[in-house]
Each structure stands twice: as C-alpha cells, then as structure tokens.
1. Quick check on region B:25-35: of everything there that is more than 7 Å from chain A (Cβ to nearest Cβ) and closer than 27 Å to B:Q112 by Cα, which residue is surrounded by the fewest Cβ atoms within 10 Å (Cβ to Cβ)?
2. Can A:L21 be described as in a strand (DSSP E or B), under 14 Å from the mean Cα position of the chain (by Cα), within 14 Å of chain B (Cβ to nearest Cβ) and at pLDDT 95 or above?
3. Could you grab me the full set of residues in region A:100-112 that are surrounded by fewer than 21 Cβ atoms within 10 Å (Cβ to Cβ) and within 13 Å of chain B (Cβ to nearest Cβ)?
4. Quick one: would you say B:V82 is loosely packed, with under 14 Cβ neighbours inside 10 Å, more than 14 Å from every other protein chain (Cβ to nearest Cβ) and not polar (S, T, N, Q)?
5. Wholly within region B:20-115, which strands (runs of 3 or more DSSP E) include no fewer than the required count, namely at least 2 residues that are among the small types (G, A, S) and over 11 Å from B:V4 (Cβ atoms)?
6. Could you list, in sequence order, all residues of region B:36-65 that are within 14 Å of chain A (Cβ to nearest Cβ), out of contact with any Phe, Trp or Tyr (no Cβ under 6 Å at 6 or more places or on another chain) and either modelled with pLDDT of 95 or more or more than 16 Å from B:F89 (Cα to Cα) (or both)?
7. Test B:V113 against the stated conditions and say whether it is away from every other protein chain (no Cβ under 11 Å) and touching a residue at least 24 places away in the same chain (Cβ under 8 Å).
8. Looking at region A:70-88, can you tell me whether even one residue there is within 30 Å of B:A86 (Cα to Cα), in contact with a Lys or Arg (Cβ under 7 Å, 6 or more places away or on another chain) and within 12 Å of another protein chain (Cβ to nearest Cβ)?
Amino acid sequence: SQTIHQWPATLVQPVGSPLSLECTVEGTSNPNLYWYRQAAGRGLQLLFYSVGIGQISSEVPQNLSASRPQDRQFILSSKKLLLSDSGFYLCAWSVSWDYGYTFGSGTRLTVV
Amino acid sequence: GNSVTQMEGPVTLSEEAFLTINCTYTATGYPSLFWYVQYPGEGLQLLLKATKADDKGSNKGFEATYRKETTSFHLEKGSVQVSDSAVYFCALTIHGSSNTGKLIFGQGTTLQVKP
C-alpha cells in the first residue's frame, strides 16, 4: 500500500534561519508531488508541484523553494525564513488527474 | 478560470441534524470533483469524489452528487455526529490538465456538531 511521510510534525524557527521540510512517498512510482501551505484560519495555497525528478513548478513567488532529488522525495526549503512563512505545510501525492490526493500529516511551522 | 466556492462557516449543528455544505464551481474544462475533510491538527483526507456528471460519491454516510447543470457538488449527511466536527474542503481537477492533476480548493467550511 502507498504511504506518505512528512516530517517534522512541528517546528519553531527564528526569523532569518534556514528551513528544510522533507516528504517521502512509498509504494508508488513516478507520483505527482505537491506542497501546500495553510495559513491560520485560511484555505490551502498550492506552493509547488512536481511531475518528475528535477521538475519543479512554482505557483506563487515567495521566499521558498522546492526540490525533487529522487522519484519519491520532495523537499521544501528556505534560506532565510520570514514571519509570514508561518503556517501548516502539507505534502501530497497523486498518480493521475482524477485520482485525488493523498496528504501527509503536515508540519506546523512557527517563525518567531 | 477554474475556481471553487463554498458556503462560509462555521456551520453549527446539533447531533443527528441534517447537514448540507454548498459547493459550486467554475471550470474551463471537464472537472472531477472531490470533498476532503481535515480534523483538528491533522492533514487532509479524501472523503469522496465524482468524476463525471450525475455521479454520486459517498463515504461514511456523506454523499455528494455531481450536478453539471448547476455546476454544484453539495455535501450532505442525514445525521451528523460530534465526531464529524472538522473542516470540509471542496476541490476540483480538470481532465487532462497537462497531467499535473493540480487540485483547486475552496476556502473550507468549518462544521461544529454539538451533543
């Protein structure tokens, strides 16, 4: 069966510090991978998606970047965090447009 | 463009009440429609889906029918429980959307069920 792992679950980081969030998928090959952010009390904003190794598409200009070094690994990074980067970050995978997503359990990031 | 609009919350109901959460969409192509549920502090879980007009998705007592004529996908449940308290998201993807399968979400509707 397919599983998705996301870590850490919670993170408190000072402004200006770097960030690395990791997401891995098991039990499937060549998934589409996604990073979403959910700000407090708000909806979901698509940040990045990837349809293959090394292929990253950015949906919004921001302080973050993403990489896909392996087929089932998706990393969200920042060189210098801003207060506005606080939120709940969700990784998800899908195999086709009508399959829907499977989400990870999320990382709650608080920038202080 | 493509978008999803949900009724604003919070929706507060007593246990065993009937639930409807409205969802309408606009789409430039032919969408598949989804409902996701997010319990407090957790990620999102797929609740149900429908991939073509007049399809009915159902799961855990929840139902939604894909209505192309009204561009709607309203979520219903006949008798809610306290454990149904969560945020519900309506979403769509477009057929053949460059194979990216990007989900477009509504803003979410918070449901609170009181005993």
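1. Ranking the candidates gives B:Y25 first.
2. Spelling it out, A:L21 is indeed in a strand (DSSP E or B), under 14 Å from the mean Cα position of the chain (by Cα), within 14 Å of chain B (Cβ to nearest Cβ) and at pLDDT 95 or above.
3. Correct list: A:T102, A:S105, A:R108.
4. yes
5. B:56-59
6. B:T51, B:K52, B:G57, B:N59, listed by residue number.
7. Against the criterion (away from every other protein chain (no Cβ under 11 Å) and touching a residue at least 24 places away in the same chain (Cβ under 8 Å)), B:V113 qualifies.
8. There is at least one residue in region A:70-88 that is within 30 Å of B:A86 (Cα to Cα), in contact with a Lys or Arg (Cβ under 7 Å, 6 or more places away or on another chain) and within 12 Å of another protein chain (Cβ to nearest Cβ).
The values are calculated or read from the model by the stated rules, or taken from the named source; none is laboratory data. Because the structure is predicted, anything quoted here is derived from the model rather than measured. All Cβ positions, glycine included, derive from the backbone under ideal geometry; neighbour counts span all protein chains shown.
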